[in-house]
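Everything below concerns the one structure shown next.
The values are calculated or read from the model by the stated rules, or taken from the named source; none is laboratory data. Note that the coordinates shown come from a computational prediction; the quantities given were computed from them, not determined experimentally. We place every Cβ from the backbone using ideal geometry, glycine too, and count neighbours over all the protein chains shown.
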Protein chains: 2
Amino acid sequence: MFKQPNNIIFDLPKWIIEYVNNRTIFTNDSDKMAFVIKASQRNVDAGTGGPFAAAIFNSETDELISLGVNLVTTQGMSILHAEMVAISLAQRKLGSYDLGAEGLPMLELATTTEPCAMCFGAIPWSGVQRVVAGARDEDARHIGFDEGPKLKDWVAALRERNIAVSVDVKRDEAKSVLENYLKASGRIYNSRES
Amino acid sequence: MFKQPNNIIFDLPKWIIEYVNNRTIFTNDSDKMAFVIKASQRNVDAGTGGPFAAAIFNSETDELISLGVNLVTTQGMSILHAEMVAISLAQRKLGSYDLGAEGLPMLELATTTEPCAMCFGAIPWSGVQRVVAGARDEDARHIGFDEGPKLKDWVAALRERNIAVSVDVKRDEAKSVLENYLKASGRIYNSRES
C-alpha cells in the first residue's frame, strides 16, 4: 500500500531564541555578520547541524526577522541549508512566500558562507533584495564541503535581477568556524564527489 | 521581543493518497511521467498549488516512493517546488537525508518540467541518481514562469556528477498542463522580472 507523510515538520533548535536574547536591532553589516557567525559556531557546539547559519534582516531598520541554521543531518532533509531555513522562517513569520511583496520592507539575507548552487537558485524566488556573505565558496570547499554546480559569476547573476550582493564580510571569522569544524572532525555530508 | 516559529510544518494535499490509489508499480519512463503529469493537473484543479508535480521512484523496481506537488502559494514558502517536496518526502520516508546512501536502492526523480535553478542545485544534495523531465525550461518560460539563473548545460553538469538525465519524456502532455494553466489565468508567481 502506498504511504507517505501527510506533512513535513522540521524543528528549530531550542537554543536559538535564548541565543538571540531579544537582541533584534543591529548597526551594520559587520555587526549582523558577527551575530550570524556566532550562531553557526553555536549550531556546531550544540550538535544541531553543520557549521552554517543565515538570517533575514530588515534592510531599512536593521532589525532581525529570522535566524536559521543548517539542519540537514539532524532533521534528515538535504534541502535544510541555513539560507533555506532562514528564508522559510521569515516567509512564515511575515505571512508571504514573497519577501519582496508590496507592503513589506526591503529585506536582506546574511549568510556565513556564500550560497551553494541550491541556495543561490532559491534567492531570486525568496524575494530578498540584498545578500551579504561571509566565507567564500573556496573556504567551504577547503574543508570538504561541495558548493555544487553554480554559475561562476553568481554575484553578477543576482545583481542582474536587482539583488544587491556584498561578499567577504568578516570572511576570516566565518572561515574560522569552518576550520574549527574540520579540526573537530565534523561530519562532511554531500562529499560524494570529493 | 524576538519571535520566530519553533518549527515549520507544511501539509501535503489530501487528494494525493486517493490519487495514487495504491498504484505503486510502474512499467517505464512514459508510464511514470504520465502519472506525474496527471498529478500536476490535479494540483491545479484542486487549487492546491502551481502546475508542477514530481515523484521519486525506485529505479530498480519502478516502485513509487513519494509524490510531491508545487505548494508555494498555498503553503506560503518559496522553496516548496514540486521537486523539493518529493525529495523531502522520500528522505523522511526512507529515514535518510541522502537518497544515495548505502543500503538504499538506486532512486530517481521524475519531474513534469525541467528543474529551475534552485531545484537543479538541490538534485546533487538529494542523492538521487537519475532525473527524468517532461516539459522544457522554455515551455515554463513561455507561460511566464521564470526558471532562474541556471547553468546553460545543466544536463551535462548533472552527468558529470554521475547523475543520469533523460529529458523530453512526454513533453507535449506536460506542456499542455502548463498551457491550460495559462489559459485558466493561473497565478504566475516569481514573475517579477518578466
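Some observations on this one:
- Any hit, the stretch A:151-170, residues being of a type outside the set (S, T, N, Q), crowded, with 21+ Cβ neighbours inside 10 Å and without any contact (Cβ under 8 Å) to a residue 40 or more places away in the chain: yes
- Which listed residue is more than 12 Å from every other protein chain (Cβ to nearest Cβ) and more than 13 Å from the chain's Cα centre (by Cα), from A:Val131, A:Val169: A:Val169
- Of everything in the stretch A:20-77 that is in contact (Cβ under 8 Å) with a residue 40 or more places away in the chain and charged (D, E, K, R), the residue that is farthest from A:Leu178 (Cα to Cα) is A:Glu60.
- In the stretch B:136-164, the residue that is farthest from the other protein chains (Cβ to nearest Cβ) out of those that are of a type in the set (Lys, Arg) and not in a helix (DSSP H, G or I) is B:Arg136.
- A:Ser30 fulfils the conditions (1) away from chain B (no Cβ under 14 Å); (2) of a type in the set (S, T, N, Q); (3) part of a loop (DSSP other than H, G, I, E, B) except for a single criterion, (3).
- Residue within the stretch B:84-104 that is touching a residue at least 60 places away in the same chain (Cβ under 8 Å), crowded, with 20+ Cβ neighbours inside 10 Å and facing chain A (nearest Cβ under 7 Å) present: yes
- Residue within the stretch A:51-71 that is touching a strand residue (DSSP E or B) at 6+ places or on another chain (Cβ under 8 Å), over 30 Å from B:Gly95 (Cβ atoms), facing chain B (nearest Cβ under 7 Å) and crowded, with 20+ Cβ neighbours inside 10 Å present: yes
- Selection of the stretch B:105-135 for residues being assigned to a loop (DSSP other than H, G, I, E, B), of a type in the set (A, V, I, L, M) and buried (at least 24 other Cβ atoms within 10 Å of the Cβ) yields only B:Val128.
- Residues located in the stretch A:139-173, provided they are within 22 Å of B:Leu158 (Cα to Cα) and acidic (Asp, Glu): A:Asp146, A:Glu147, A:Asp153
- Scanning the stretch B:57-89 for residues being under 20 Å from B:Lys14 (Cβ atoms) and either in a strand (DSSP E or B) or at pLDDT below 95 (or both) gives a total of 6.
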